[in-house]
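The values are calculated or read from the model by the stated rules, or taken from the named source; none is laboratory data. Worth saying up front: this structure is predicted, and the values here are computed from it rather than measured. No Cβ is skipped: glycine too gets one built from the backbone with ideal geometry, and neighbour counts run over all protein chains shown. Please note that ligands, DNA and RNA were not included when accessible areas were found on the heavy atoms of the full protein model with its side chains. Shrake-Rupley method; radii C 1.70, N 1.55, O 1.52, S 1.80 Å.
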Amino acid sequence: MHSNLDYSLQSSNSFNIKVSCSRIYFPSSLAELQQLPDLSSENFYILGEGSNSLFVESQAPIIIQPKFTGIEVNEQDDHFIVQVGAAENWHNLVCFCLEQGIFGLENLALIPGSVGAAPVQNIGAYGVDIADFCQTVEWFEFSSQTILPLSKAACQFAYRDSIFKQALYNKGLITQVTFKFPKAWQAKLSYAGLDTLNKDCSADEVMAKVIALRSSKLPDPKTLPNAGSFFKNPVVSAEKFSQLQQQYPTMPHYLQANGEVKLAAGWLIDQAGLKGFRHHGVGVHQQQALVLVNYASEHGADIISLAKYVQQQVFDKFSINISPEVRMITEQGEKDFSSLSDIKPISRNSDD
Ligand code: EPU
């Protein structure tokens, strides 16, 4: 199996943080997975394309970056089954499907990252998430050294969450994702921005609109390093929401099936006056306050420090605790944002 020692991950993380790891493995077959050393007592992290991971220190833990590739389409009477290797690029998969006349993923165009990472945080945008089309996830279990097919139900998908972040965390890795796309297709246009499209528009038109919307607000990590939404949209009780709504009648909100209310973290950050804020080479994006950007820093700690400041300012204004969607990786492995207590929030308002 291909592997390296003292490997730079600067081009493997979309924040462009200067970081390296002592060892990295690139398994691309079951036989290679079975050759991996037993890492159960070591600190390690499974990396996709590095578009949702923030390296906090200059040293990363041991990295496994799966390299399973290939897309296989199986046409049935009323649906398509598409099996995709974990290392395939997500947006390339969306384009491939549309070119083949397979519809469903168009609302998820331009999401950065790999197909294998997509189920981990149940990627979603513009009213669709991967759980809508995922049939099974093939998952290599370290303890049994076998690949198990996990059904959609077994994946326990929730908002930016799945079993891979919970009970199965670091107990194995995703090798392939299998999707089922019914041939009967209807455009999903409920999300703000897409509702301007004609209801009998094509999947290509939906994709073009999603690309236009995303490109207008979300910075391209190749030109301005970032990891998309830095924070998750917080969910509050109906009671808390009605108090807030009295004070802020225009506050964007999304009612949840259980009666709770999801709020827009980007709006909260924007209202806290932080849009466009810059400090020590990092900042809050000018077009979308939910995105933290790296103008010129090599240190993950600068972004953490900014994120803590943003979190504090939002809490001071709204008494709402927003938490990162981005994953925090230290030399000791992944850590909870709240446990990074040795990194202090920035303490002054300034431009650099
Ligand atoms: N808003 C502001 N100011 C801002 C940002 C947003 O007022 O600076 C307002 C918007 O006007 C809108 C509301 O907040 O009323 C929500 O904003 P938007 O539609 O841009 O979506 P979002 O909640 O910020 C979520 C996902 C995105 C996804 C979009 C579209 C999360 C954390 N983020 O963003 O996902 O693309 O919806 O579906 O759920 C990602 O995860 O990296 C990502 C980009």
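With respect to I111, is the statement that it is at pLDDT 95 or above, assigned to a loop (DSSP other than H, G, I, E, B) and either away from the ligand (no atom under 13 Å from the Cβ) or more than 29 Å from D38 (Cα to Cα) (or both) true? Yes; evaluated as a whole, the condition is true for this residue.
Of all residues assigned to segment 24-39, at least one qualifies as being away from the ligand (no atom under 16 Å from the Cβ), in contact (Cβ under 8 Å) with a residue 24 or more places away in the chain, touching a helix residue (DSSP H, G or I) at 6+ places or on another chain (Cβ under 6 Å) and open to solvent by less than 10 Å² (accessible area, probe 1.4 Å).
Could you please let me know if T250 is touching a helix residue (DSSP H, G or I) at 6+ places or on another chain (Cβ under 8 Å) and either at pLDDT 95 or above or not assigned by TED's automatic domain parsing to the domain that holds I147 (or both)?
When the stated conditions are applied, T250 does not pass them.
Considering only residues in segment 130-145 that are in contact with a Leu (Cβ under 8 Å, 6 or more places away or on another chain) and part of a strand (DSSP E or B), the one that is farthest from P27 (Cα to Cα) turns out to be T136. Annotation note: of S237, S229, S190, the sole residue that is of a type outside the set (F, W, Y), in the same structural domain as L110 (by TED's automatic domain parsing) and under 20 Å from R160 (Cα atoms) is S190. For segment 305-327, a residue qualifies if it is away from the ligand (no atom under 11 Å from the Cβ) and not in a helix (DSSP H, G or I), and the qualifying residues are S319, I320, N321, R327. Of everything in segment 1-23, what is open to solvent by 70 Å² or more (accessible area, probe 1.4 Å), over 17 Å from D302 (Cβ atoms) and of a type in the set (D, E, K, R)? Give them in sequence order. Within segment 1-23, D6 is the sole residue that qualifies.
The residues of segment 192-223 that are assigned to a loop (DSSP other than H, G, I, E, B), open to solvent by less than 30 Å² (accessible area, probe 1.4 Å) and more than 13 Å from the ligand (Cβ to nearest atom) amount to a single one, C201. Tally the residues that are of a type outside the set (F, W, Y) and open to solvent by 60 Å² or more (accessible area, probe 1.4 Å), restricting the search to segment 74-107. Number satisfying all stated conditions: 9.
For every residue, the table says whether it meets (1) touching a His at 6+ places or on another chain (Cβ under 6 Å); (2) within 16 Å of the ligand (Cβ to nearest atom); (3) open to solvent by 50 Å² or more (accessible area, probe 1.4 Å).
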position	(1), (2), (3)
S143	no, no, yes
Q156	no, no, yes
S162	no, yes, no
T175	no, no, no
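Of the residues D302, D270, the single one that is within 25 Å of D6 (Cα to Cα), of a type outside the set (V, I, T) and either open to solvent by 20 Å² or more (accessible area, probe 1.4 Å) or more than 10 Å from the ligand (Cβ to nearest atom) (or both) is D302.
Of everything in segment 275-296 that's free of Cβ contacts under 8 Å to residues at least 40 places away in the same chain and either crowded, with 20+ Cβ neighbours inside 10 Å or part of a strand (DSSP E or B) (or both), which residue is nearest to the ligand (Cβ to nearest atom)? Steps first, please.
From segment 275-296, those free of Cβ contacts under 8 Å to residues at least 40 places away in the same chain are 275-276, 282-284, 286, 289, 296; that's our starting set.
Then keep just the ones that are either crowded, with 20+ Cβ neighbours inside 10 Å or part of a strand (DSSP E or B) (or both); that gives 282-284, 289.
Numbers: V282: 17, G283: 13, V284: 8, A289: 3 Å.
Per the criteria, the residue is A289.
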